[in-house]
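Asks: Okay, handing you the structure first.
The values are calculated or read from the model by the stated rules, or taken from the named source; none is laboratory data. Treat the numbers as computed from the prediction; the structure is a model and nothing was measured. Neighbour counts run over all protein chains shown; Cβ positions are idealised from the backbone, glycine included. Ligands, DNA and RNA are excluded from the accessible area calculation, which covers all protein heavy atoms including side chains. Shrake-Rupley method; radii C 1.70, N 1.55, O 1.52, S 1.80 Å.
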Amino acid sequence: MTWDQYAEAWAGLHGGFDPRRASVLVRGWVRLAYRIGSWLGARRVTPFTVTLAGVLLCLAVPLAAPAGAPGLAFGAALVLLAAAADGLDGAVAVITGRVSRAGYVYDSVADRIGEAAWLAAFWLAGAPAWLTVGAGAASWLHEYVRARATATGMPDIGVVTVGERPTRVAVTVTGLIVASLAAVVAPGWVPTVLAVAVAAWLILQLIGLGQLTVAVRAALR
């Protein structure tokens, strides 16, 4: 599959948004996913294998995070690798002609499992339990509202909110990295840093939920 063919197929799966006309950052990421996906597809790696690898990376984060500064830093690296896998499974599916509705469901379930694992890592490393549960519930509700709206008849994703998955990845990675630095210079501040990161996650999800609710009401009116 050529780059142009891939870009057209990718646009068809993302509401008609053509990556060739996107910003340099987005275009570069999609092209990188195309190249790596082509390499994996040529070696008969399936989209499900990539999705499963991403889930396993996520599940390793709560095992690493409680191990002090090295564990927190390693956890951040695992989240980045899992996020890369999350983008590559779709690329492999498009390139190998294995796009399916079942794959879409598996990918969504994998995302929710991964995010639960990230929040569990924050809790195990010192963040308040009630705050991590609230953040998880807010992100779950964000995705549930969109899923129900599309099932009811909303023609697309509605709106790109401030609480989308890339935001959760960014908050998680930033929180773990800052916490790892704090563990070296001021260990007593680690729970506070983690709590701030989880609070940021929660606030962004609530704002995103508000944005999504407005879009859903407009689309289904």
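Asks: For region 162-181, what are the residues that are within 11 Å of the chain's Cα centre (by Cα), modelled with pLDDT of 95 or more and either of a type in the set (Lys, Arg) or open to solvent by 20 Å² or more (accessible area, probe 1.4 Å) (or both)?
Replies: Val171
Asks: Which residue, of Ala60, Ala138, Ala151, is modelled with pLDDT under 95 and hydrophobic (A, V, I, L, M, F, W, C)? Break it down stepwise before answering.
Replies: Working: Ala60 fails: modelled with pLDDT under 95; Ala138 fails: modelled with pLDDT under 95.
Exactly one of Ala60, Ala138, Ala151 is modelled with pLDDT under 95 and hydrophobic (A, V, I, L, M, F, W, C), namely Ala151.
Asks: Looking at region 140-152, can you tell me whether even one residue there is buried (at least 21 other Cβ atoms within 10 Å of the Cβ), touching a residue at least 40 places away in the same chain (Cβ under 8 Å), outside any helix (DSSP H, G or I) and touching a helix residue (DSSP H, G or I) at 6+ places or on another chain (Cβ under 8 Å)?
Replies: No: zero hits.
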